[in-house]
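See below for the structure under consideration.
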Amino acid sequence: MDMGNKRMAVLVGCNYPNTRNELHGCINDVLTMKEVLVKRFGFDLKSVQLLTDAPGSVVLPTGANIKKALSHMIDQAEAGDVLFFHYSGHGTRIPSVKRDHPFRHDEAIVPCDFNLITDVDFRQLVNRLPKGASLTVLSDSCHSGGLIDKEKEQIGPKATITTNNAKVPSQSPKVIPFESILQHLTSLTNINTSDIGTHLLEFFGSDASLKFRLPPLERDQFESINPDEGILLSGCQANETSADMSPNEGGGKSYGAFSNAVQMVLKEHLGQLSNKQLVMMAREVLQAQGFEQQHPCLYCSDQNAGATFLWQPEC
């Protein structure tokens, strides 16, 4: 792939304030990333869109608004462009109808209005990319491994890492269980069914995920374009949780463990890093910090595994 002409990003931080699902470090994660994108990776500030649920936010990170921002970014893209999506917030797993799925669940992120964005939605976005453009997704959320449906696993559950006894600061898992999401949606629709798709379609209509709007046969036609230009850096494996950290000593600010690990690696290595190097180094950082149940993963083509993260210009 040639060096990008345009660099565009959508950054989403969901803290879910004043709810039982409240997190504390997600907005900090994307604010830090915004600064790094501009100063290090050559993004124009006007090409970086920020969506958060901070008090006073004009455009909230609802499912419809996130998908609209991503769709608009892809519509503007041309060959050679570098697109980036950083999400920090809750993730979840929903029952899968695929018999061959390794964990019998599909992955989704949870926008502030609970209008789930699923692995099928991300597959459709990647398939819409113009030839020669790339979309890198960094998802600091629980169950984020495999968030781009049918993307090739480069670093995943098969990769092992040793553990240690380091003390981990106060943390919260960035997950809303399926049962809690179902309960919340049931309270909105007043429909007595355990089929989450029925609730999402009833309440969100055409803004609901493609996973629930399309017939199974048509949905299964969203095959990977091999090799495609989708790149997923996930905060954990599909069957794991990602941590939201709230330091209780020294007045430190809250952060997502994976987002923070990525920033630590980038500060330590100012030169170009491949996607594979970045994920492996982030794994090592989390291991050293005592995170024994959180293993970042990489999903992309063989070529993009060795490609430079965000096609960073040479110093």
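The values are calculated or read from the model by the stated rules, or taken from the named source; none is laboratory data. Everything numeric here is computed off the predicted structure, so don't read it as measured data. Using ideal geometry, Cβ is built from the backbone for each residue, glycine included, and neighbour counts are taken over all protein chains shown. Keep in mind that these areas ignore ligands, DNA and RNA; they rest on the heavy atoms of the full protein, side chains included. Shrake-Rupley method; radii C 1.70, N 1.55, O 1.52, S 1.80 Å.
Taking every DSSP beta bridge with both residues inside the chain, roughly what % is antiparallel (nearest 5)?
Restricted to the chain, the bridges split so that about 40 percent are antiparallel.
Short version: ³J(HN,Hα) in whole Hz for each residue of region 68-73, in order, from phi by Karplus 6.51 cos²θ - 1.76 cosθ + 1.60 (θ = phi - 60°), x for Gly and Pro, what are they?
5, 5, 5, 5, 5, 4
Please list the non-local residues whose amide H lies under 5 Å from the amide H of Arg93, H modeled 1.01 Å from N, same-chain partners needing a gap of 5 or more.
Placed amide hydrogens put Phe178 under 5 Å from Arg93.
Under a Cβ-Cβ cut-off of 13 Å, what is the net charge of the residues other than Val265 that fall near it, where Lys and Arg count +1 and Asp and Glu count -1?
Here the charged neighbours net out to +2.
Hey, what do the phi angles of region 273-288 turn into as Karplus ³J(HN,Hα) couplings, whole Hz, using 6.51/-1.76/1.60 and θ = phi - 60°, x for Gly and Pro?
Using θ = phi - 60°, the values come out as 10, 6, 4, 5, 4, 4, 5, 5, 5, 5, 4, 5, 4, 5, 4, 4 Hz.
Net charge near Gln312, counting Lys/Arg +1 and Asp/Glu -1 over other residues with Cβ under 11 Å of its Cβ?
My count for the surroundings of Gln312 gives +1.
Between Leu31 and Lys68, what length comes free when the chain is fully extended (0.36 nm per residue of separation minus the Cα-Cα distance, one decimal in nm)?
Stretched out fully, the Leu31 to Lys68 stretch lengthens by 11.3 nm.
Using 0.36 nm per residue of separation minus the Cα-Cα distance, give me the extension gain between Val38 and Leu270 in nm, one decimal.
Separation in residues times 0.36 nm, less the Cα-Cα distance, equals 82.1 nm.
Could you give the length gained on full extension between Glu284 and Leu45, defined as 0.36 nm per residue of separation minus the Cα-Cα distance, in nm?
Stretched out fully, the Glu284 to Leu45 stretch lengthens by 82.9 nm.
Quick one: which residues, 5 or more positions from Gly256 or on another chain, have an amide H under 5 Å from its amide H? H modelled 1.01 Å from N in the peptide plane, none for Pro or chain starts.
Here Asp29, Met245 satisfy the definition.
At 1.4 Å probe radius, can you tell me the per residue accessible area of the chain in Å²?
Counting only protein heavy atoms, the per-residue value for the chain is 45 Å².
Compute the relative contact order of the chain as a whole-number percentage, counting only Cα pairs closer than 8 Å that sit 6 or more residues apart in sequence.
Dividing the mean separation by the residue count of the chain yields 22 percent.
Given the rule -39500 (n - 2.57) for each run of at least 4 DSSP H residues, summed and divided by the residues of the chain, what is its mean residue ellipticity at 222 nm, to the nearest 500 deg cm²/dmol?
Taking each H run of at least 4 residues, the total per residue is -9000 deg cm²/dmol.
When the accessible area of region 243-310 is computed with all protein chains present and a 1.4 Å probe, what percentage of it is carbon and sulfur?
C and S fraction of accessible area: 49 percent.
If you roll a 1.4 angstrom probe over the protein chains with everything in place, what fraction of the accessible area of region 1-70 belongs to carbon and sulfur, to the nearest %?
Heavy-atom surface of region 1-70 belonging to carbon and sulfur, 1.4 Å probe: 52 percent.
Could you pull out every residue, at least 5 positions away or on a different chain, whose amide H is within less than 5 Å of the one on Asp113? Hs are placed 1.01 Å off N in the peptide plane, and Pro or chain starts have none.
Gly63
Assuming a viscosity of 0.890 mPa s and a temperature of 25 °C, what translational diffusion coefficient in µm² per second does Stokes-Einstein assign to region 1-129, Rh being the Kirkwood radius over Cα pairs?
Value of D from the Cα-based Kirkwood radius: 156 µm²/s.
What translational diffusion coefficient, to the nearest whole µm²/s, does the chain have by Stokes-Einstein, given a Kirkwood radius computed over alpha-carbon pairs, a temperature of 10 °C and 1.306 mPa s viscosity?
Taking Rh from Cα pairs, D becomes 81 µm²/s.
Which peptide among 13-23, 263-273 comes first, and what is the full order, when sorted by highest mean count of other Cβ atoms within 10 Å?
Result, highest mean first: 13-23, 263-273.
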